[in-house]
Structure formats: C-alpha cells, structure tokens
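Just below is one structure, and these are the notes that go with it.
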Amino acid sequence: MRKLRDALAARGTHPARTVVLLPYAQLMPVARQFWAALAPTGFAPRFETTMNWARQRPWEPGELDLSFDIARDLLTARGWLEQGGLRSQADALAGLLVDAAWQAADAARAVPPQRRAAWAAQLRPVLLQGMEAPALATEAAIARIAFEWVAASGYATDALLDGTLSADVDLLVVLQGFQAEAIPGALAEQLGDRALTWPLPAPSPRGAIGLHACADATEEAERAAACVLQRLQQGQAPVALAATDRVLTRRVGALLFTRGVRVRDETGWKLSTTRAAAHVMTALRACAWDAPSDSVLDWLKNIPALGSGLVQGLERRARRTAQREWRMLREGDWGESAALQEAARTVAGWRETLQTTRTLLDWIAGTRELLQQCGQWELLRADAAGMKTVDALRLDPAAAGEWIAWPQAQRRLTLREFTAWANDVLESVSFVPPHAGDEQVVVLPLNQLLGHPFAALVMPGCDERSLPASPEPPAGWSQAQRRLLGLPLRETLEAAQRSGWDCALHTPLADVLWRASDDTGERSLPSPLVQALVVERAATMAPDPRAQRRETGEAVRPPTVQAPPLVPMQLSASSYEDLRRCPYRFFALRMLGLKEADEIDAEVDKRDFGTWLHGVLKTFHETLRERGALDRAGRATLLDAAAREGIASQRLAEGEFLPFAAGWPAVREGYLDWLAGHEATGAEFESGESEHAVPLGDLRLQGRIDRIDRLPGEVTLVMDYKTEAFQATRDRMKAPLEDTQLAFYAALLPQRELRAAYLNISERGEVRAVEHESLQEAARLLQEAIQSELRRIAEGAPLPALGEGRVCEFCAARGLCRRDSWSE
C-alpha cells in the first residue's frame with residue numbers, strides 16, 4: 001500500500017481513477033483495510049478482481065456460450081456433443097467436455113474479442129496433432145469441441161479487453177499471486193504505460209517452524225486441532241488452517257467445533273455433501289421406476305409430510321416382504337391398517353408424477369412441487385445450504401424463468417437424465433457456510449495465504465500425496481496442447497506450489513503435520529517439500545501438543561439382569577430355545593422385544609430356500625388332497641407348478657433363485673421317492689404350516705407346525721422340515737431330551753397320540769427322516785422346565801450372558817452384551 005501511494009503521487013494520478021487488480025477475491029477487504037489505515041481520509045483506489053470488475057457491465061450468455069454456470073453449461077455441452085456426432089455418448093461426456101472447456105476458456109478470455117477468430121484460426125490446424133490414432137478418437141473429439149466452444153463464446157470479461165470498462169482508468173496496478181493470470185496480463189499489455197505489474201512479496205524472515213510426524217490420519221487430525229488450540233491460548237488469533245487435504249480438514253474442523261472454536265471456511269465443500277442437497281437427490285432417486293425399497297425408505301424418513309409412526313409402519317411391512325424394488329410391493333403388503341394403505345397410495349402418487357419424460361423446465365417445476373408436497377421445500381429455504389441448492393438447480397420460479405427463452409431448457413429428459421444432471425450440478429458447486437466475522441480460525445488453500453497477516457499457521461496433510469512438489473496438471477489437455485493454448489504447464493504449477501510453500505513458512509509460527517500411513521495402512525512419506533526442509537535443518541520436531549491425561553481401565557464383565565415385570569405371557573419354540581441357550585439373549589430379544597431390522601436388498605440364501613420349500617410342499621399337498629390320486633408324472637407336474645407359484649409369490653426377479661432352481665429337479669425326484677415310501681406305510685397328509693396354541697398354567701404356548709400326518713391306528717405324526725446338512729439334523733437327536741422343537745410341538749397337541757420327526761431335505765435330492773425316540777418324556781420335561789424357569793424369572797432370578805457355544809457367533813444381541821469386549 002505504501003508503494004501504491006508513492007506511485008500515485010509520482011504520477012499525479014487520482015486514486016479514484018486507479019484500479020488495483022488482486023489475485024483472488026478474499027484479498028479485497030484486506031487491501032481496503034490496509035489502505036484505510038495508511039490513508040484514513042480522501043479517495044481510495046478501487047480494489048477489484050477481474051470477475052468482480054467485469055460484473056459492472058451486465059452480460060448474458062448466448063444460446064451456446066460458455067457461461068461458467070455448471071447447470072447451464074452441462075446442457076449446452078450436450079448440444080455441442082450432439083452437433084459433433086456424439087449424441088449416444090452425450091450423458092457420459094458432458095462433464096468431461098465442460099471441464100476441458102473451462103480450462104481452455106482461460107486462454108480464450110485473454111484474447112480480445114475482435115482478435116479471437118484469428119487466434120482460433122491459427123491454433124485450429126495444430127491443436128489436434130498427435131491425436132490421429134483411433135484409440136484417441138473420443139479424447140480428440142472432446143478437445144476439438146471444447147476448443148470450438150470457447151472460441152465461439154463471448155465472455156463477461158470481454159468488457160475489460162474491448163476498452164469498455166478500462167477507458168476511464170488512469171492507472172492499473174496488477175498484483176500477482178503465485179501464478180500469473182492471463183487476463184490481467186493481457187489487460188496490462190493493452191494499457192501499456194498506464195499499467196504496473198507488481199508481485200506480492202512474502203513477509204521476511206522465516207518464522208518458527210514445528211514439525212509433527214503422525215502415525216495415521218486420526219493422530220494427525222488430533223494434533224492439528226491441538227496445535228490450533230495451543231495458538232489460540234497464546235492469543236494468536238485468527239489462526240490459518242491450510243486446506244491441503246479436504247477430508248482431513250473436515251475432521252480437524254469437527255474436533256474444533258466440539259471445543260467451541262469459531263471457524264470460517266473460505267474453501268467450502270461440495271454442495272452435494274450437504275444435508276439439503278442429499279434430501280433433493282434422495283427424493284429424485286426414490287421416484288425412479290425401479291427405485292430400491294431402501295432408497296424410498298431413506299427418502300420417507302426425511303420428509304415431514306408423513307409422521308414417523310407411519311414411516312416406521314411402512315418400513316416394517318416393506319422389510320417383512322423383503323422386496324428389493326418398491327414397485328414390487330402390492331396393496332395387500334400393507335396389512336389391514338387404513339392409515340398405512342393411504343400412506344402407501346400417497347407415496348405411489350408422488351413417485352408416479354416424476355416417472356415421465358418432460359422438458360427441463362417442467363422437471364424443475366415438478367421437483368419443486370414434489371418438495372412442497374413432501375414438506376421439504378420450506379426446510380430448504382430456511383437453510384443456507386438449502387438455498388444454495390435451490391439456486392444451483394433453479395428450483396425457485398424466478399430463477400427458472402430466466403431460462404424460458406433458452407432453447408436448451410426445452411430439451412426433453414427422462415427422470416434418469418434429469419437426476420444425472422442434478423447430481424453433476426451439485427457435485428460441481430461449492431458451498432461456503434456464512435460466518436459472523438468473529439472467527440478464530442480461517443480455513444483457506446495454501447496459495448491464498450499470500451497477503452493475509454496471520455500470526456500462526458497450521459498445515460496438516462503435508463504428505464507426498466496431498467502436497468506433491470510438482471502437482472499434476474488438470475486432465476483434459478495434453479502438455480503440448482497446454483503449451484499451445486498458454487495454459488499453466490507442470491513447471492509453472494511446480495513453481496507456484498514452491499512459492500506458496502515458501503510463503504507459508506514465512507508465517508511467524510507454522511506447524512507442519514504429515515502422516516506415516518494412510519487409512520488403508522499403506523506407508524506414506526512426507527512431502528518432498530517437507531523433506532527438503534528437514535535437510536536444511538530449518539525446522540525442529542515439535543512435542544506432541546495434545547493434552548495428556550491418565551485413564552484407569554476397568555474390566556468388562558458379562559452382563560446380567562433381573563426383570564420380573566417383563567416375563568412374557570406367551571412362548572414359542574424359538575423363544576424358549578433362546579432362553580436355554582443364553583438367558584441374556586432371551587431378555588434382549590424376547591422380554592425387551594429388541595430385533596434387528598431385516599435387510600431388504602439381500603441376496604437369496606439358504607434361509608430363503610427353506611421358506612420357499614415350506615410353501616411349495618404345503619401348496620403341493622393341499623392341491624394333491626383336492627385332486628385325489630395322481631401318478632408319478634402327474635405329481636411331478638403338480639410339484640413343479642407349486643414351485644413356480646412359490647417363486648412368483650416371493651416376487652423374486654428372474655435369475656435370483658437360479659442357484660436353487662438348478663438343483664430343484666433332484667430335490668423334486670428325491671422328495672417324490674420318499675413320499676411314495678412314506679405313503680406306503682399308510683400315512684396321510686393332514687395339514688401344513690398350521691398354527692396351534694395351548695395354555696400352560698398362566699402361560700400360553702404357541703407355534704406353527706410345518707406338517708401333520710395321520711398314521712394308522714389314530715397316531716399323529718408331526719414333522720419339521722430341515723434343509724441343513726443331514727449330520728446337523730442327526731446331531732439334534734444325539735440327546736433327545738435336550739431337543740426342544742419337536743418336544744414343544746408335542747406340547748401343542750396334548751390330546752393326541754404322537755410321533756415326531758425331522759424331515760431332512762438336501763439340495764442334492766436326499767430326503768431322510770430322523771425320528772424323536774423319547775417324545776412324550778421330552779414333552780413332559782419341557783413343560784415342567786418352562787414353568788420352572790419363568791417362575792424363577794418372575795421371582796427375580798438373574799439372566800446372565802453366557803457367551804459360550806456356537807449360538808454367540810450369530811447372535812443378534814452380541815453387540816448389546818458386548819461379548820467381544822469381555823475381560824477373559
């Protein structure tokens with residue numbers, strides 16, 4: 001500022017007719033502050049950036065112009081691709097084309113508009129040299145279209161180079177950052193003696209530098225946060241936090257937030273990562289014709305229009321049916337609840353409104369209407385990130401109205417295409433949260449430290465990946481093409497990186513942190529810039545700034561509870577099996593009613609095969625009883641029909657059941673062979689999957705029996721189907737009095753003379769029965785044990801977690817009892 005004041009005095013130039021171009025917008029208030037301190041009275045120069053200065057003249061992009069608005073440019077890119085013969089690849093290439101065009105525009109904007117056509121004609125013959133190979137056809141097409149796009153476009157900054165805005169400027173001062181920019185350079189060349197170009201000098205000398213070698217990303221985030229807190233305690237505020245690794249910076253910011261530190265983030269983060277943008281994208285994805293049930297449920301859980309009770313009811317019903325796609329759910333799946341059925345119809349109506357092909361403007365209006373109906377619209381408008389989302393997608397009617405006359409907005413899109421467009425827009429827009437101006441920490445990129453008077457700097461992420469000495473140029477243009485266009489080369493980027501690093505080290509206090517391994521455990525080296533600093537012996541290893549405290553460990557013991565008021569009034573075979581295997585499991589799953597939510601999007605497994613087989617055999621025997629005697633071929637046909645009906649009833653997609661369907665012929669023939677021998681003994685099918693309940697004192701026993709047959713002599717045979725390995729079924733009968741399932745079934749039929757057996761049906765077609773040899777005694781002992789155990793629980797007997805046996809390997813309550821944390 002002193003140098004600027006002296007230059008104005010030497011030239012006799014009035015400050016009001018002087019423009020100072022700064023390398024980035026964040027320096028504008030800093031420069032004004034310094035000038036006001038130097039010259040508190042009188043006129044001040046205009047401190048601008050090229051884009052801020054260009055906005056003083058209104059400018060609207062043409063139909064196919066590059067606008068630097070990602071929402072508009074993505075659609076324009078599709079138009080260019082279609083004109084270039086790449087209509088079928090437009091969806092995949094639109095984003096790549098926009099990236100390439102935005103890079104090339106830096107060169108095109110620096111050419112005065114009256115000379116741009118000649119500039120393009122000069123470069124056009126040589127730009128694609130070396131890309132003649134068929135393998136590079138797509139890359140060459142993108143480069144060609146991007147070049148023609150930027151060459152044919154007009155730009156807001158054209159007002160600077162055509163003399164419109166610079167005519168009343170007596171002196172232009174260009175303050176350069178770490179990397180020279182094309183437009184200020186071209187403008188300075190045009191103005192000649194009326195322009196000065198100065199570098200922004202780094203402070204001198206170097207400050208104190210502390211090095212922190214961290215084991216992993218967690219330690220690095222903790223140390224970085226501790227360094228910031230340490231500097232704040234020393235009164236050095238605001239502290240600069242360099243954003244070299246965005247994920248790491250977010251972790252550091254989260255740690256500082258827990259300590260009440262006020263942070264201003266000048267870099268922001270992708271709008272797509274905000275909650276508001278996620279709500280919009282979840283709604284669009286949930287309305288797809290083939291949307292997964294999980295996606296629809298995720299959407300419903302975040303809308304105010306449906307109460308949480310209704311959404312939970314819909315989720316329970318959806319998970320019970322286990323249909324991967326929401327469209328496969330039927331009206332009968334919602335049960336008899338009128339409220340659930342009405343809610344399901346409402347959701348279906350919302351989804352159907354977006355399952356059409358329409359123009360972009362109609363899609364925007366339809367999305368806005370959906371958000372309003374769901375109750376999310378007002379939530380978006382009350383949130384800073386939500387308003388940014390509304391602006392980015394033109395969801396506000398006034399913003400969408402700007403596109404009425406734009407031909408690209410009349411393009412007809414499917415829901416998939418519109419969702420892809422919206423996702424690309426939100427991925428490309430940055431969200432910078434608002435701040436109150438009283439920040440203690442400022443997060444900013446390394447190359448924007450220049451000109452800021454920070455007393456302390458914390459630089460996490462100084463490893464070889466996050467802070468390379470020679471950054472890779474952006475993809476899209478080759479090194480030769482970058483040289484032709486005048487875009488920054490690798491050497492230029494390396495020089496800028498080293499200049500930014502050197503500037504950072506001139507901060508009075510700087511903490512440099514890196515990690516020895518990444519999140520995958522792979523070894524990581526410090527950045528070459530850090531290694532050079534160590535070789536120079538210009539820094540020392542700093543002590544760990546984290547506060548140390550002594551913790552006393554306590555042994556984790558298996559839990560045990562007493563819950564007399566929670567004794568259940570009804571019991572099933574599986575619930576009693578839980579009590580026998582682990583009392584704490586019985587307490588968690590049966591007395592408290594805790595239950596894992598069933599996975600919807602799960603692969604078909606052995607359990608699904610067993611459920612299907614139970615239904616197939618029930619349908620087969622009931623139909624066979626109605627039709628009467630059939631020969632072997634007729635029975636096989638009937639069994640195949642029941643199998644197809646079972647697959648259809650479970651609404652499995654074609655191919656999902658293929659592994660089990662491939663073995664079905666062997667299972668069918670094996671079962672028919674066994675059935676023929678079984679019926680030869682005089683057995684007749686009585687019922688399948690039948691429900692039974694009997695009182696036992698104050699308790700009610702209930703259960704579903706897979707199959708009941710009548711045998712000669714008024715004997716009843718109870719069977720339970722098993723699709724496990726045959727040896728596992730045999731092991732159940734090694735100690736018959738220890739088996740509970742068949743004994744429990746016998747207790748459900750106290751008035752009958754019973755026999756019971758497990759019927760093992762393997763996928764290889766082997767069908768064998770394993771009969772219970774001591775059924776009546778086992779049933780008697782079981783009833784006595786049930787009454788005794790529940791009486792003890794009602795009297796306050798403890799329910800400990802046993803933590804033994806195979807049952808623990810697949811227990812749903814394992815996390816609740818913390819079995820993996822017990823002190824052995």
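The values are calculated or read from the model by the stated rules, or taken from the named source; none is laboratory data. Every value quoted in this text rests on a predicted model; they were computed, and no experiment measured them. As a convention, Cβ positions derive from the backbone with ideal geometry for all residues, glycine included, and neighbour counts pool all protein chains shown. We work out accessible area using only protein heavy atoms, side chains counted, and drop any ligands, DNA or RNA first. Shrake-Rupley method; radii C 1.70, N 1.55, O 1.52, S 1.80 Å.
Just a few scattered comments:
- Efficiency of FRET between Glu522 and Glu645 - r from beta-carbon atoms, R0 60 angstrom, step 0.05: 0.70
- Once both labels are positioned 7 Å from their Cα atoms along Cα-to-Cβ, the gap between Glu691 and Arg330 label points is 1.9 nm.
- Taking the longest Cα principal axis of the chain as reference, the axis of helix 308-321 is set at about 60 degrees.
- Computed over the chain, relative contact order equals 13 percent, with contacts defined as Cα pairs under 8 Å that lie 6+ residues apart.
- Long-range Cα-Cα pairs in segment 632-685 (distance over 19 Å), rounded percent: 37
- Selection of GluC sites (Glu not before Pro), segment 385-470, meeting DSSP coil and at most 13 other Cβ within 10 Å: Glu402
- Within the accessible area of the chain (1.4 Å probe), percent carbon and sulfur: 51
- Of all DSSP-defined beta bridges confined to segment 692-824, some 65% are antiparallel rather than parallel.
- Computed from point charges on the beta carbon alone (+1 for Lys and Arg, -1 for Asp and Glu), the dipole magnitude for segment 150-307 about its Cα centre is near 880 Debye.
- Qualifying GluC sites (Glu not before Pro) in segment 471-541, DSSP loop, other Cβ atoms within 10 Å at most 16: Glu522, Glu536
- Summed over the residues of segment 309-449 and divided among them, the accessible surface reaches 46 Å² per residue at a probe radius of 1.4 Å.
- Rounded tilt (10° steps) of 27-38 against the dominant C-alpha axis of the chain: 40
- Each Cα pair under 8 Å and six or more residues apart adds its separation to the average, and for segment 1-159 the resulting relative contact order is 26 percent.
- Three-way shape label, segment 668-824, alpha-carbon gyration tensor, a/c 1.5: oblate
- Label-point separation in nm, Leu711 to Ser430, each point 7 Å along Cα→Cβ: 8.0
- In terms of its alpha-carbon gyration tensor, segment 310-443 comes out oblate; a/c meets the 1.5 threshold, while b/c is at least as large as a/b.
- Here Lys606 is the anchor, and the lysines within straight C-alpha reach of less than 17 Å, apart from those fewer than 8 places off in the same chain, are Lys722.
- Of all beta bridges that DSSP places with both ends in the chain, some 40 percent have antiparallel geometry.
- Extension gain, Arg320 back to Glu464 (0.36 nm per residue minus Cα-Cα distance, nm): 46.8 nm
- Whichever lysines have a C-alpha closer than 20 Å to that of Lys388, once near sequence neighbours (fewer than 8 apart) are set aside: Lys270
- Taking Cα atoms only, the orientation of helix 90-109 departs from the longest principal axis of the chain by about 20 degrees.
- Segment Asn302-Glu189, length gained on full extension (0.36 nm per residue, minus Cα span): 35.1 nm
- Residues of segment 492-524 with amide N under 16 Å of a point placed 7 Å along Cα→Cβ from Val534: 512-518, 523-524
- Applying 1/(1 + (r/R0)^6) with r as the Cβ-Cβ distance of Gln751 and Thr356 and R0 = 60 angstrom yields a FRET efficiency of 0.45.
- Only aspartates and glutamates eight or more places from Lys301 in sequence, or on another chain, were considered; those with a Cα closer than 12 Å are Glu315.
- Accessible area (Å², per residue) of segment 459-518, counting only protein heavy atoms and a probe of 1.4 Å: 38
- The string of couplings for segment 539-550 from the Karplus curve (6.51, -1.76, 1.60, θ = phi - 60°) is 8, 10, 6, 8, x, 5, x, 6, 5, 9, 9, 8 Hz, one whole number per residue in order, with x for Gly and Pro.
- Cα coordinate range in the chain, projected on the principal axes (Å, largest first): 123, 67, 50
- Extended-chain gain in nm, criterion 0.36 nm per residue less alpha-carbon gap, Ala39 and Ala152: 36.2 nm
- Probe 1.4 Å, protein heavy atoms only - accessible area per residue of segment 575-644 in square angstrom: 54
- Given +1 at the Cβ of Lys and Arg, -1 at the Cβ of Asp and Glu and no other charges, the dipole of the chain around its Cα centre is 2040 debye to the nearest 20.
- FRET efficiency, Lys270 to Gln372 (Cβ-Cβ, R0 22 Å, nearest 0.05): 0.30
- Loop-located trypsin sites (Lys or Arg not before Pro) in segment 569-598 whose Cβ has at most 12 other Cβ within 10 Å (DSSP): Lys595
- Modelled this way, with points 7 Å down the Cα-to-C-beta line, the labels at Glu472 and Ser88 are 3.0 nm from one another.
- Taking amide H as placed 1.01 Å from N in the peptide plane, the amide H of Ser690 sits under 5 Å from that of Ile705, each at least 5 places away or on another chain.
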